[in-house]
Amino acid sequence: MPLMNDACRIGIPLATAGLMAPVAVASDLIPVPDFTEYQVPVSMPPAPDHPLWEWLNVSLLLAALLAASYIALVSRSRRNMFLLTIGSLIWFGFLYEGCICAIGSIQNVVLAVFDTSYAIPLTVVLVFLLPLGFTLFFGRVFCAAVCPLGAIQEIVAVRTTRVPSWLDHSLGLFPYIYLGLAVIYAATGTAFVICRYDPFVPMFRLSGDVNMLIFGGALLVMGVFIGRPYCRYLCPYGAVLAVLSRVSKWHTRIPPDECIKCRLCEDSCPYGAIERPSMPPARETRPAARRSLAVMLALAPLLVIGAAGLGWLMTVPLARLDHNVRLAERIHAEDTGQVEGMTDASEAFRNTGQPKEELLAMVADIRSRIRLFAVLLGAWTGLVVAVKLISLSVYRRRDEYQPDRSRCVSCGRCYWYCPCEQVRLGLIDDISELVDLETEEAKAAS
Amino acid sequence: MPDSSPKKDRRGFLNDALRTTSVIALAGAGGFLAGRRSEGEPMVWQLDPDQCIGCGHCATYCVLDVSAVKCVNCFDMCGFCDICTGYFEMNYLALDTAAENQLCPTGAIVRQFIEEKSGQRFYEYTIDVPLCIGCGKCVIGCALMNGSLYLQVEHDRCLDCNECAIAVACPTQAFHRIPASQAEILKRRAEAVLGARGRRMMRDAGDDTQRYREGAELLERALTQRRWRQQQQSASSASSGSEGTARDA
Ligand code: SF4
Ligand code: SF4
Ligand code: SF4
Ligand code: SF4
Ligand code: SF4
């Protein structure tokens, strides 16, 4: 032992490799001295966190969902909805600091299904399920004023323009593909991509990854002109809500009772969710429409199979998100002289003395596991595109101006534009004060 | 409302059916997940100090301004050295507490003289936790000797990010999700010494029930670690086992 002390007195630089070495033999170490008085303290484990915080969050989530449903369907007050939005932004965003949110909880749920050693907290299950349940009955009230990511975008949406329909429909497919990606990465335990690429949580925390802060800032600037860009073209949870909202029991309506087709609300939605009443297709175009639907239906399976094949080909790049795959590629590049020097990771790996073959076998295993999911992801993407094409070629009858249930987030901005609403609020006595129905109808017909 | 056309009814019916199915599916999923939960408990992030190389990412990648990762000293592994390689710069000017001699950039390690015995002076090193930024410099330093200084995530500071930003960046993938009640991952050696101390305390306790209980707690802490490591091992061998069969097929 004195020798050891001398060694360090003259400062022999030992290799830091010792850090990763297996448990050192006891005799290598300097023993704890035999003290006369002093009691060697026991080092304690880190103190636990308070679970109460999570339950408070869940209760507030429930309360906010109830309030949003009431405002969207019963009291129809845009002002109260806006106040609730601000409240949600403050609590779920800046105070609770965004984590965990319903969007990210998708991944916890998927991980819990695929990985038996991961126990999902009950609060996370509730954060995941409550908005889904509310959507089935009241539409996307969660998006209206509860979700902090929606709220921050809602507040900046002041000068929105209409996105061309073709672009809106194409970009609108991306959330479903993103959802697929998030699911395969969570299922294989590779990563939580939704959290990693969350643009707004770093803002709520006022710290975090700089790239994501910039991305979030860019989205907010964009959000001034294009309403809720994250919600419409990225959010994977919104994709699920959009599907559930289609079959919701109740849903936000623009007029308080009957639509008089005055067209006043037509352009009022910042998110392009208002659908005009549809004209029945002319008799002579019907066979053509039927034929194009038949073609779409026939193409659908081909599309799914083709995309599944593409997924198969994407296995290698998809697997690259895994740490060990990247490490193996790096080690290979170093060994073949393609790159100079070592990274922290490759150096640490070499210091462990673990044979390269073991790493390669592990990587082969990871790739084969991801391959199955990559094929599924491809098929899913094909399916999403096919369903979109089919739904675009189906004629839907609409008799009045109404929000498209999947895209409407129940924000309530359109109520105000409806003259019937103004009557209901007692602001005007009669609809004719605002619109001349005769001429409006004539205009619509022309 | 002029909505009583058969077409509307059919769609209404379909919607009702789909909604009911969805409600049942959600309830089922909830039940299933809640069942899963009862098999375990909430998970928190923790790093395995045996895997850690003190790369410094713990200080820089945490989403908090001051990292939730802090240094701990496992006293039962410490040599209480005069010339602590975790405390002093490699080329220190003097063995005193002047900042330029210290390895720690924030002066978070408190050095305190304990006693002198047969010509050797012994010092205790404790971490002033609020000052520590989790940079791991002292961890690398101490690894030259006993390795009693190592990093751990402090749960009362940690935000429990759904995906820990350090876990993503850690070059050795030292971060794991562990049950909240386990709280720590001990070095294998710390597990051994703490377990031994627990046993010793129980043996020497005599009539002192308080001391006996403390010993038993310490032993249990070490055993928890052993169980966790075994579980990790069996999980990884299970996955390599499946890989074997995959290659056979
Ligand atoms: S679409 Fe997504 S981000 Fe937008 S409000 Fe809804 S859940 Fe939140
Ligand atoms: S409530 Fe009205 S304005 Fe708001 S999203 Fe729905 S249709 Fe658009
Ligand atoms: S990132 Fe990993 S290797 Fe680096 S200091 Fe933290 S735990 Fe250690
Ligand atoms: S050197 Fe770094 S890790 Fe060690 S006590 Fe100081 S701040 Fe903490
Ligand atoms: S979970 Fe978040 S707060 Fe905790 S250590 Fe990791 S990055 Fe820091």
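The values are calculated or read from the model by the stated rules, or taken from the named source; none is laboratory data. Please read all numbers here as calculations on a predicted model, not as lab measurements. Reconstructed Cβ throughout: ideal geometry from the backbone, glycine too, with neighbour counts over all protein chains shown.
Sort through A:ALA182, A:ALA186 and tell me the only one that's buried (at least 19 other Cβ atoms within 10 Å of the Cβ), small (Gly, Ala, Ser) and more than 23 Å from A:PHE92 (Cα to Cα). Walk me through how you get there before you give the answer.
Values: A:ALA182 fails: more than 23 Å from A:PHE92 (Cα to Cα).
Among A:ALA182, A:ALA186, only A:ALA186 is buried (at least 19 other Cβ atoms within 10 Å of the Cβ), small (Gly, Ala, Ser) and more than 23 Å from A:PHE92 (Cα to Cα).
Take the range B:38-66 and flag every residue that is outside any loop (DSSP other than H, G, I, E, B) and more than 22 Å from B:ILE185 (Cα to Cα).
Going residue by residue through the range B:38-66, those that are outside any loop (DSSP other than H, G, I, E, B) are B:38, B:43-47, B:57-61.
Matches in the range B:38-66: B:SER38 only.
Check A:LEU122 against each of (1) touching a Lys or Arg at 6+ places or on another chain (Cβ under 9 Å); (2) within 14 Å of ligand 1 (Cβ to nearest atom) and name the one condition it does not meet.
Only one criterion in (1) touching a Lys or Arg at 6+ places or on another chain (Cβ under 9 Å); (2) within 14 Å of ligand 1 (Cβ to nearest atom) is unmet by A:LEU122, namely (2).
Could you look through the range A:61-79, keep only residues that are more than 17 Å from A:THR135 (Cα to Cα) and not charged (D, E, K, R), and pick out the one that is surrounded by the most Cβ atoms within 10 Å (Cβ to Cβ)?
A:SER77
For residues in the range B:22-55 being surrounded by fewer than 17 Cβ atoms within 10 Å (Cβ to Cβ) and more than 9 Å from chain A (Cβ to nearest Cβ), which is farthest from the chain's Cα centre (by Cα)?
B:ILE24
Given the residues A:GLU340, A:GLU334, which is the only one that is at pLDDT 90 or above, farther than 30 Å from A:LEU376 by Cβ, away from ligand 3 (no atom under 15 Å from the Cβ) and surrounded by fewer than 18 Cβ atoms within 10 Å (Cβ to Cβ)?
Only one candidate passes the filter, namely A:GLU334.
Hey, could you check the range A:84-136 for residues that are outside any helix (DSSP H, G or I) and more than 7 Å from every other protein chain (Cβ to nearest Cβ) and say which is farthest from A:TYR237 (Cα to Cα)?
For the range A:84-136, the residue satisfying everything is A:THR116.
Could you pull out the residue among B:ALA235, B:ALA249, B:ALA205 that is at pLDDT below 95, among the aliphatic types (A, V, I, L, M) and within 26 Å of B:ILE185 (Cβ to Cβ)?
Of the residues listed, the single one that is at pLDDT below 95, among the aliphatic types (A, V, I, L, M) and within 26 Å of B:ILE185 (Cβ to Cβ) is B:ALA235.
Name every residue in the range A:353-405 that is under 30 Å from A:GLU334 (Cα atoms) and of a type in the set (D, E, K, R), in order of residue number.
Of everything in the range A:353-405, those that are under 30 Å from A:GLU334 (Cα atoms) and of a type in the set (D, E, K, R) turn out to be A:LYS356, A:GLU357, A:GLU358, A:ASP365, A:ARG367, A:ARG369, A:ARG371.
Being aliphatic (A, V, I, L, M), closer than 16 Å to A:SER43 by Cα and either more than 10 Å from chain A (Cβ to nearest Cβ) or assigned to a loop (DSSP other than H, G, I, E, B) (or both) is the filter here, so list the residues in the range B:116-149 that pass it.
Hit for the range B:116-149 is B:LEU149, nothing else.
So is A:GLY382 farther than 25 Å from B:HIS57 by Cα and part of a helix (DSSP H, G or I) or not? Before the answer, list the steps.
Values: farther than 25 Å from B:HIS57 by Cα: yes; part of a helix (DSSP H, G or I): yes.
Judged against the criteria, A:GLY382 is a match.
Checking the condition part of a loop (DSSP other than H, G, I, E, B) and touching a Cys at 6+ places or on another chain (Cβ under 9 Å), which residue from B:GLY79, B:GLY86 passes?
B:GLY86
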